[in-house]
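The values are calculated or read from the model by the stated rules, or taken from the named source; none is laboratory data. Just so we're clear, the structure is a prediction, and the values are computed from it rather than from any experiment. Heads up, the Cβs are rebuilt from the backbone with ideal geometry, glycines too, and the neighbour counts pull from every protein chain shown.
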Amino acid sequence: MSQPFSATLRIAVLFGKVGPALLSVGTLVLAWELYARLSGISPTTLPAPSRVLAQAIQQRQALFDNTVPTISATLAGFACSLAVAFILSVLIDFFNPLRRALFPVFIISQTLPLVAIAPLVVLWFGFGLTPKIMLVALVTFFPMLVALVQGYESTDRDISALLNSMGASRMRIFRLARLPSSLPYFFAGLRISITYAVVGAIFAEYAGAAKGLGIYMLNAKNNFRPDLVLAAVLVSALLTLALFAATVLIQRVVMPWERLDGARKS
Amino acid sequence: MSRRLELRQVSKRFGDIDVLAGITLHVEPGEFVSILGPSGAGKSTIFSLLTGGLEGHGGDVDFDGRPLADTRRPFAFMPQHDALMPWRTVIDNTALGLEVQGMSRKAARGKVAPLFGEFGLAGFEQKYPAQLSGGMRQRAALLRTVVQDRAMLLLDEPFGALDALTRTGMQRWLQTMWDRHRWTVLLITHDVREAVFLSDRVYVLSRRPASVLREIAIPLPRPRKDLASPEASAIEADILNTLLDPQPAERT
Ligand SMILES: Nc1ncnc2c1ncn2[C@@H]1O[C@H](COP(=O)(O)OP(=O)(O)OP(=O)(O)O)[C@@H](O)[C@H]1O
Ligand SMILES: [Mg+2]
């Protein structure tokens, strides 16, 4: 097969994958743009997407300065949450009663309304990074813990029986079988949690922060600048998409066998 | 010489369901023995008891004349489904048992690599199980089993999931391999022809709760090339009758 043809083919395949998404988003933005222009609605109520984009470009320095703290809060909070979820998941896997003792507490933690909790956590821990880390961890910890524990339990019973027949210790079976078996669950949890994490960080900043996308949105709203609120929303959406894409890429690197499932003799 | 493996009146219950109702059987060193029985009879349960996956409820198991509990893992076990790890390459899957025994990954690979040709897997060392055909997966699982160098192989329906043509090919291949290596094998199957083709002796189990209905010697000369010789067909028919209409045997 000739080189240019296969290149064209690849572009076509790529477009086939992202085309529908581009089309639906494009239609939505176009409808919004038309409505904002033709209905005569005031831009201080509903700015057109073109105006939002123009403002985003004009304010790029301010937006950038406020995005950096949000990213660090998201990543720091998520890292803490991941570390604790992993350690606890291992403890639960080796000592099952722990699960019954701890899960009710975590389930209750998931029912706490963020609107009520965020200001309190800021009140207790100040405007610094700590309350943001805590809130991001609060919203992401339990989904990650559940994903990991479920992942361990998804281990093929024949594989466990095989390792057992080979004389592998419980620890060895965990490392050789249960941990790798949990990877698909782990990444599924990761993709969901990373989007919660950004929302959690913005919420925490909204409740009080020196800098960050959350506080930027609050200030813009108080100054009657919905275009700037939406510009910040655009940035947070792009940030979430980028983090989501990063998890997909990491999964591809960590689980090279996954793309082969169902494939034969490549 | 003492028997390699001997089960006497081995029983097992799950809750209040009797699964094994006093299984008595034995395997001599270098012998190929099959267990034939209906689905759900408790065949895999026998292997779970032998490999330490389950505790029995009575009966004795001796290995080389000593209670099994006093021996150190004498079996290499092939579970009913190939149990290949999707995240390991084929060579690392086949080397798994050696690694668990304490060999370094490099040394374990070095030991299995020369066997890939004999097992029809040459060139597939670095592939993942998802890239293998059904027959190749079974051969990889079998390689993982025999390379452990245990005194006895326990094979649970190794070809059960294959299509008829591949299965026949694999049975011939296993027979050739067995002629060459003379492993001591206990094989579970529900394929009568497979049992007759491969075994020195066959135990026929009843439905659950399982007990041994019959013990049948297969005195056919080896190597067995012909799957459908008149002698083999007669034994097959005899076994099928026992499986399909077990009453006469039970009455005796
Ligand atoms: N861990 C378990 N707990 C409860 N019941 C079990 C367990 N393992 C097996 N059983 C039951 O014991 C019976 C025998 O199971 P086993 O897997 O030994 O059958 P089998 O003869 O290998 O069947 P097949 O030919 O279909 O593989 C079945 O009825 C099964 O439901
Ligand atoms: Mg079975």
## Note on the structure
The helices (runs of 4 or more DSSP H) lying entirely within region A:35-112 that contain at least 3 residues which are in contact (Cβ under 8 Å) with a residue 60 or more places away in the chain and assigned by TED's automatic domain parsing to the domain that holds A:I215 are A:49-58, A:60-94
### Task
Determine whether B:R144 is modelled with pLDDT of 95 or more, in a helix (DSSP H, G or I) and either buried (at least 19 other Cβ atoms within 10 Å of the Cβ) or within 16 Å of ligand 1 (Cβ to nearest atom) (or both).
yes
### Task
Under 6 Å between Cβ atoms, at least 6 apart or on separate chains: pull out the pairs that start in region B:90-103 with a residue that is at pLDDT 95 or above and end on any residue that is among the aromatic types (F, W, Y).
B:V90/B:F124
### Task
Report, by residue number, each residue of region B:183-207 that is farther than 19 Å from B:A164 by Cα and either in a strand (DSSP E or B) or within 13 Å of ligand 1 (Cβ to nearest atom) (or both).
B:V185, B:L186, B:R201, B:V202, B:Y203, B:V204, B:L205, B:S206, B:R207
### Residue in region B:79-89 that is farthest from ligand 1 (Cβ to nearest atom), counting only those that are at pLDDT 95 or above and more than 7 Å from chain A (Cβ to nearest Cβ)
B:T89
### Task
Would you mind finding the one in A:L138, A:L123 that is touching a Pro at 6+ places or on another chain (Cβ under 9 Å), part of a helix (DSSP H, G or I), away from chain B (no Cβ under 14 Å) and among the aliphatic types (A, V, I, L, M)?
A:L123
### Task
From (1) more than 16 Å from ligand 2 (Cβ to nearest atom); (2) among the polar types (S, T, N, Q); (3) within 10 Å of chain A (Cβ to nearest Cβ); (4) buried (at least 17 other Cβ atoms within 10 Å of the Cβ), pick out the condition that doesn't hold for B:T94.
(3)
### Query
What single numbered condition from (1) surrounded by fewer than 19 Cβ atoms within 10 Å (Cβ to Cβ); (2) under 14 Å from the mean Cα position of the chain (by Cα); (3) within 13 Å of chain A (Cβ to nearest Cβ) fails to hold for B:M152?
(1)
### Task
Those residues that are within 12 Å of another protein chain (Cβ to nearest Cβ) and β-branched (V, I, T), I need them from region B:97-121; list them, please.
B:V100
### Query
Applying the selection to region A:212-264, what residues are touching a residue at least 12 places away in the same chain (Cβ under 8 Å) and at positive phi?
A:G212, A:F224
### Task
Answer with yes or no whether B:A140 is more than 16 Å from ligand 2 (Cβ to nearest atom) and more than 11 Å from chain A (Cβ to nearest Cβ).
yes
